[in-house]
Each structure stands twice: as C-alpha cells, then as structure tokens.
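Below you'll find the structure, written out as structure tokens, and then a few comments.
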Amino acid sequence: MTLAPPSIAAVEKYSPAYESLVTASAAAPEWLKAVRQQAWATYSELGIPVKRRGNELWKYTNLQPLAAEDFRHGLTGEVSVDQLKAVGPWDDAWNTLVVVDGKFNTELSNLHGTNGLVAGSLADAISTGTGDIESQIATLAGREEYAFTALNTAFLDDGAYVAIERDTVLEEPVQVVFVTSSLSESRVNYPRLLVDAGENSSVVLIETHLNLAEESQFSTPVVEMFAHAGSSIRHYRVQMENEKSFHLGTTRIRQLDDSNFTSTSFAVGASIARNDIHTLLDAPGASCTLHGLYMTNGEQQQDQEISTTHAKPHCTSDQFYKGILSGKSHAVFSGKVVVMRDAQKSDATQKDLNLLLSRGVEIDAKPSLEIYADDVTAAHGATAGHVDRETLYYLESRGVDQEAAKAILVRGFAEEILNEFEPKSLHDFVEKVTDERIPALLAESDTLGTA
Amino acid sequence: MLEIKNLHTSVLDIDDSEILKGIDLSVGKGEIHAIMGPNGSGKSTLANVLMGRFDYVVTEGEITLDGESILDLRPDQRAHLGMFLAFQYPAEIPGVRPWQFLKAALDSKAEARGEEKMTVRNFSKLFDEKVGAVGINPTLVKRSLNEGFSGGEKKRNEMLQLEVLQPTLAILDETDSGLDVDALRIVAEGVNSMRSPGRSFIVVTHYQRLLNYITPDVVHILVNGKIVNTGGPELALEVEKDGYKKYLVTSEATA
Ligand SMILES: Nc1ncnc2c1ncn2[C@@H]1O[C@H](COP(=O)(O)OP(=O)(O)OP(=O)(O)O)[C@@H](O)[C@H]1O
Ligand SMILES: [Mg+2]
C-alpha cells in the first residue's frame, strides 16, 4: 500500500460532482453506494496519474494535459439517429443500445425484442436488480488500484446492460454506442457496460465510441464481461473520439470453462487514448483472442494495455496488434501474459507490429511474459519498420505512382486486422475510415523517397 | 523501339561499384531478344536499370524508348510508356490483393495516358480470363500478393500481371527459373500469344529450353557487365553445350 503523496492531481476537481451524486442518490441501493464510496476512496488516493517515474502503467503517457483541464459533469445533449449513422457503424438489423453522455437513451436505441437477449439501461438494471448485477458489477473493474476505473465506478449511475440467456445463440450483432453529444462544453463521461453471457450462449458485441463534440472531452469507459461456461463473445471495439479528447478505457473479462472471447479493436480517435483490456482465463479450456489496429498521426497518443492471466490449465491466449504511426504521434503497446502456477498446458502468443511513416513518431512496445507454470507454450515479439523500398518499387514498376503505392502498402498492412471485422456494415465502416485516414497519415509521412 | 548506348551503371552511394560497363543494345519493334550470361554478370541489374530501380545510378550512356530518353523517368512513368519487368524475385506484399492492385495499376496507366479507365466489370472479366490462362489457382489471387506463394506461383503471378497489363516492352528476368514443365509452357505460350509487331520482349534466361518454345530473334551474351557476343538462336545452343568459359577468359584478359 503506497501512501498518497501530499498533492494528488485533480481530485478536488471531481469532488463537488461526487458529493452532489451522493446527495442526489439517497434512494440508491445500499450496495451501489458502498461500491461508489470505495471507488471514490481509491480515486482520491490515486488522482490522475501524472507522475510517470516509477509508475509502470503510465511511464510512457503524459497525463498532465488531462489533469490541467476542467470538465463539466452531468450535461446531456441532443443526438439524432442520423448523426449516429453519419459518424459510426450502424445496421438496422442489429440490436443497438445508445448511451448519450453516459445516459442510456431509449429513443435512439433500436431494440428488436429478440428472444434470449436482455438489453437496456444499466440504471434500470441496477434499480430492479436484473440478473446477477449486484454480484457482478464492479467486481472485475472498480475495486482495483486503477485511477480511471475507480473514477468511473465512483460515478457509476447509468450505461448499458446486456445479458444473453443460457443456450441463446444470437444471429445478429448487438451494438452498444457510447456517444458524446455536440454540446460545446468540455465534459467528462462515465460510460459503463456490463455483459453477462450465459452458459453456451453466443453473441457478437460491437462496442462503439463516438464523439460529436468539437471541444475536448474526457471519457472513461468501463466494460465488464462475464463469459460463462461454453459461451462465446465476439467483441469489436471501435474508438472514434474527436482529436482533442481523452479516452481512457478499461475492459475486463472473466472467462469460465471452454468459453471463447475474441476481440478486435479499431482505435483511431482521441488526443490521448488508452485501451486497457484484461482477460482472466479462470477455468480450464477458456480461450481468448485480443487483436487490434491503431492508427495515429499529428500529436496523438494511443496506448494498448493488453493483458491476460492464465489462472487455470489448458487455456490459450493470443494477442496481436498492429499500429500505423505518422506525424509526431506516439503509441504504446504493453502486452502482458501471466501464466499462474496451476495453469499447465497454457498456450500464449503476443505480437505487436508497427509501421512507422515518419521519423517523428515514438513507439514503446513491451511485450512481456510472466510464467510460473512449467508446461507452457509461449511466444512473443514486437517489430517496428518503415515502408519497404523494394515493395514500393514493385508497385511503382506496375504503373502506380509513389503516393498511391504507399497508400496501397499502408492499406495492405491494415488489411489483416480489417478483415477480422466480419459484420458487413461494420467491415464497410472500418474500411471507409481507414481509407479516409490514410491520406492524412501519408501527408505527415517523411520516411520515404529520401531513405 | 529501345536503344541502349554505352550504358554504365553503379550502385547508388557505393564507390567503385560499377556493374554495367558499357552496354549497347538495340531492340526493334516486334523483336524478341534473349539475354544469357553467368550468375552475377549484371542481367538483373540491366533489367532493373531499364525499369528505373531506386538504388542504381547511370554514370554514363543513354537509354531511349521510341527516341526519347527515359533516364529521368520514374518507374511508374516508364510503365505508363508500356514497359514491364517480370521480376526474378518478385516482392511479397502482405494484405495487397492482386485484383485490387492490378486494377489500380491499369487505372493509373489509363489516367496518365488520358485514356478511359476500364470498368470493374470488364476488368473482372479480363482478370478471370488471364487467371485461367496462366493457370494460377484462383484462391491464390484472393490472398496477399505473392505472400506465401511458392517460387513457381510467384512466376505465374508475374505472367498474370504481364498479360493483364499488356505492355509494349516486356522484360522477363528468369521467369522460366523454378518452373515445372507445364508452367514453362504457359510462360512460352503467354509470350508467343502476345508476340505482335508492336510489342518487344527482352527475355533473360539461363536455359536454352525456354528458347525451344520461344524463338528469339537475337541472343546476347552478357559477361561481367558487357555484352560479349550477339547472334541468332544458335548462340543459345552453343552456350548450353560449352558454357561461358571462353567468354570468361576473354573478359578477364581485357579487364
Ligand atoms: N543493389 C546492389 N547492391 C550491391 N551489389 C549489387 C546490387 N545489385 C547488383 N549487385 C551486384 O552486381 C552483380 C550483378 O548482379 P545481377 O543481379 O545483375 O546478376 P545476374 O546476372 O542477374 O545474376 P543471376 O544470374 O544470379 O541472376 C552481382 O555481383 C551483384 O552482387
Ligand atoms: Mg538475375
């Protein structure tokens, strides 16, 4: 236990809002009050982690700009479905839950009453005690020493709740859209999602983060997922914040026997973004796949904090991220796999490949394996390289000019991850965003033609 | 159509790295020229200098296409003029699918020449037809360009591109190496079917067997960066029988 330093960054900024939440929710369930209180205590002790020295988690990330800004609480703006369709993936066939500025929005949500799916507002689920919510929420994320998870949990109030009943195989994806409305104020949001996948159930879950505002916003999404025995969650995460915003997300998954969790992330937005995902393989036969693509330019920073704990034998994990960096941007890949003593016959792979388009970029890639069992198959690696002259020449020799050839190669680098986005409307969306982003990345590229 | 005069070439940024030491070569419209020569004699260098590869510098001499110098042109500009190089070692390009890439290549060429772009439909038809013609497994061309292709598959893929792009000056750098008999025949049939009064070929090969199928108009022997002999198809037979010994001796004597 570390003692709090005398001055903790940016705690006082959030305390009036916390106090008024406490006052306003006298009627809230006691367990919820306790959860919030504990989380607030944790956050008060940690504050915004601006001290980087000696702090493994934030060594490469400067949060001073975040700590310096003021964000308003509790403002909820107007959003239309057309706006959502214009800036994010959408398909009418999907069950879509929309959360605006942290609040579940029934009108914008598109729910089909599908059998075996319980989906709706997290606030309702809390007040009616839906399913196992009391024993689930904030157990995977919220009681740990992690500032933004704690901050989100201290303000735990609303968001989305998705439960798939046992043996239910959902044909169409479920999308949860977290959108920041276009209000001009800089605001902080506490998006929250709880997913409960019953035994032998199967769901495709798309988690989308959109931002309609122009000013800097602060979002701390926390997602907890419970994958019961034999269940399968195919998760996609799309992060499209505006380029001034802060997005510090936490995703926690607990997997039971023979469950499968497969996740592909697409992260292009925000000024500083972190995708912190942890899977706990907590029963034999569980497997997880954590893949993703990040693209950065300008002065953007994207962190991937990817970790898996093999707690039980016969589990497999696979981490694979690709990054495309340009301008003066910065990316961090921190992959961690822990294989516990009992987790024999574990199989773990970790890979992070980066394409650097400019000399000004910084990449900190640190894949790490911590293995306490002795019968384990594990491999890890990270690379960072430039666009290859040889392949560029090959394309040029066919009549494609250098700019177009570079675009083809960058697109080719992304292709492998883009192809993992299976639902058609989602695939089309990430392809379109990538194709639109590539010229901007290349405009800030200086590693070719001069090499 | 192609005139090479006293071409000297070195490797960029490397002193005393001259590879081509004064090449003279003239390829007329509709002709097929074969270039043979020992390993390391400069055949691929010549092919790549013609295409405008980035790491060679022409220190002396001239290359003209239809009377115009191409030395200052980029590779894509040379391609737009109708040049094509089937690589000895084609690059592997992950994530880039041959269909998309070839469509982009054709579109660029059309754009540069102020011609109309081929419709997706017509292009697909042409593409499928050529995939059949060169005997590439159609599932292969849905994959990444050359990634995980066998040596022979890469060569067939070069032929596919050659046939789709229909260049007017095609340089084949050992496209026959590493091919099974059937594939060899496909390469030969491809070249023969494309042979026309307006189209010329430079075929780099180590084996006279290819020249059994493709009858060259002229055969050149390239040794140590110089063309040391030029003749008809019979020259290839002679090389097959005697190797390059006599040229190596003379080139060393003059060195
Ligand atoms: N980019 C380069 N940098 C350094 N040396 C080079 C480069 N390109 C070619 N060379 C050298 O120039 C010589 C000629 O090479 P080239 O590839 O042209 O030979 P080749 O006749 O095609 O041989 P092969 O029959 O083996 O294909 C070789 O000694 C080679 O190592
Ligand atoms: Mg060669």
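The values are calculated or read from the model by the stated rules, or taken from the named source; none is laboratory data. All values derive from a computational prediction rather than experimental measurement. FYI the Cβ positions are ideal-geometry reconstructions off the backbone, even for glycines, and counts take in every protein chain you see. Only protein heavy atoms, including side chains, enter the accessible area calculation; ligands, DNA and RNA are left aside. Shrake-Rupley method; radii C 1.70, N 1.55, O 1.52, S 1.80 Å.
Below are the figures for this structure:
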{"item": "Heavy-atom accessible area ranking, 1.4 Å probe, most first, across A:359, A:53", "result": "A:53, A:359"}
{"item": "Cα gyration tensor shape for chain A, rounded if a/c is under 1.5, else prolate or oblate", "result": "rounded"}
{"item": "Extension gain, residue A:362 back to residue A:436 (0.36 nm per residue minus Cα-Cα distance, nm)", "result": "24.4 nm"}
{"item": "Pairwise label distance in nanometres, residue A:25 with residue B:189, each label 7 Å out on the Cα-Cβ vector", "result": "7.4 nm"}
{"item": "Solvent-accessible area buried by pairing B with A, both sides, nearest 100 square angstrom, 1.4 angstrom probe", "result": "2000 Å²"}
{"item": "Added length on full extension, which subtracts the Cα-Cα distance from 0.36 nm per residue, residue B:182 to residue B:97", "result": "28.1 nm"}
{"item": "Gyration tensor (alpha-carbon) shape descriptor, segment B:47-150, a/c threshold 1.5", "result": "oblate"}
{"item": "FRET efficiency for residue A:17 and residue A:169, using Cβ-Cβ distance with R0 set to 35 Å, rounded to 0.05", "result": "0.25"}
{"item": "Helix axis angle, A:424-443 relative to chain A longest principal axis, alpha carbon, degrees", "result": "50 degrees"}
{"item": "For segment A:360-381 versus segment B:141-198, the gap between their alpha-carbon centres in whole angstrom", "result": "42 Å"}
{"item": "Segment B:1-41: trypsin sites (Lys or Arg not before Pro) in DSSP loop, at most 12 other beta carbons within 10 Å", "result": "none"}
{"item": "Average accessible area per residue (Å²) across the protein assembly as shown - probe 1.4 Å, nucleic acids and ligands excluded", "result": "40 Å²"}
{"item": "Nearest-10 value in Å² for the accessible area of residue A:235, using the 1.4 Å probe", "result": "0 Å²"}
{"item": "Area accessible to solvent at residue A:73, 1.4 Å probe radius, in Å²", "result": "50 Å²"}
{"item": "FRET efficiency, residue A:374 to residue A:145 (Cβ-Cβ, R0 45 Å, nearest 0.05)", "result": "0.90"}
{"item": "Other protein chain Cβ atoms within 10 Å, averaged over every residue that makes up B:96-109", "result": "4"}
{"item": "Whether segment B:2-254 is rounded, prolate or oblate, judged on the alpha carbon gyration tensor where a/c under 1.5 counts as rounded", "result": "prolate"}
{"item": "Cα long-axis angle, helix B:98-112 against chain B (0 to 90 degrees, to the nearest 10)", "result": "80 degrees"}
{"item": "Alpha-carbon centroid distance for the pair segment A:34-69 / segment A:194-268, whole angstrom", "result": "22 Å"}
